[in-house]
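Input: a single structure, listed below in structure tokens.
None of the figures in this text is laboratory data; all of them are computed from the coordinates on show. Keep in mind the model is a prediction, meaning the values are calculated, not measured. Heads up, the Cβs are rebuilt from the backbone with ideal geometry, glycines too, and the neighbour counts pull from every protein chain shown.
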Amino acid sequence: MSRSSDPAGTRPAGPAGRLLRLPEPHATRHDSRDDTTGRRRLSVTSMALLLFAVATAAIGQVMLKHGMQVATSRAAHRGSLVVSAATSPWVLIGLLVFAISAIAWLATLSRVPLSVAYPFNALGYLGILTASILILHERANVLTWAGSLLVVSGLIIVVLARP
């Protein structure tokens, strides 16, 4: 049995004791690099998947909120909130949409670095805030909008400044 020349024993030996070349953990086949700056660019597919994951998460949250409003109203007349929520089509479909968003998020994470993907959740804040006003008829004040716009501004800064 021959020993490998890898002193730390961090790489597995292949046939005849030769070291196998392992891919770098941060490099994936989905990443593309801008040759002039060395920065990673998101492919159109990765960007679409990322935006889909964020949008479906926001839609799922709005559906869950609406479903819980309906369930709370039903429970006030008929009994258990748990039963009302568990039988509400809005809650059930909202959970399904949220599950789809979780699967899309996992696919996104397989393609996009977390430091790039996660800030995009800020777009979900704007979507939820807008939907809560237009669909759920909630109120938002100027400070809520200002804070949300600051969060999205942070997203833009992160995306533009990524290494």
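Label sites at Trp145 and Leu109, each approximated as a point 7 angstrom past Cα along Cα to Cβ, lie 3.5 nm apart. Overall shape of the range 42-161 was characterised from the C-alpha gyration tensor. The equivalent ellipsoid obtained from it has semi-axes of 31, 19, 8 Å, in decreasing order.
Calculate, for Ala161 and Leu136, the FRET efficiency according to 1/(1 + (r/R0)^6) with r their C-beta to C-beta distance and R0 45 Å; round to the nearest 0.05.
Values: r = 35 Å, r/R0 = 0.77.
Efficiency, rounded to the nearest 0.05: 0.85.
Near the amide H of Arg41, within less than 5 Å, lie the amide hydrogens of Ser32, Arg33, Asp34, all on another chain or at least 5 residues away, with H placed in the peptide plane.
Once you have the Cα-Cα distance between Ile100 and Val152, take 0.36 nm times their residue separation minus that, and quote the gain in nm to one decimal. Intermediate values should be presented prior to the final figure.
Numbers: separation 52, 0.36 × 52 = 18.72 nm, distance 2.39 nm.
Result for the pair: 16.3 nm of gain on full extension.
What's the FRET efficiency of Arg78 with Ala55 using the Cβ-Cβ distance as r and R₀ = 25 Å, to the nearest 0.05? Using R0 = 25 Å, I get an efficiency of 0.15.
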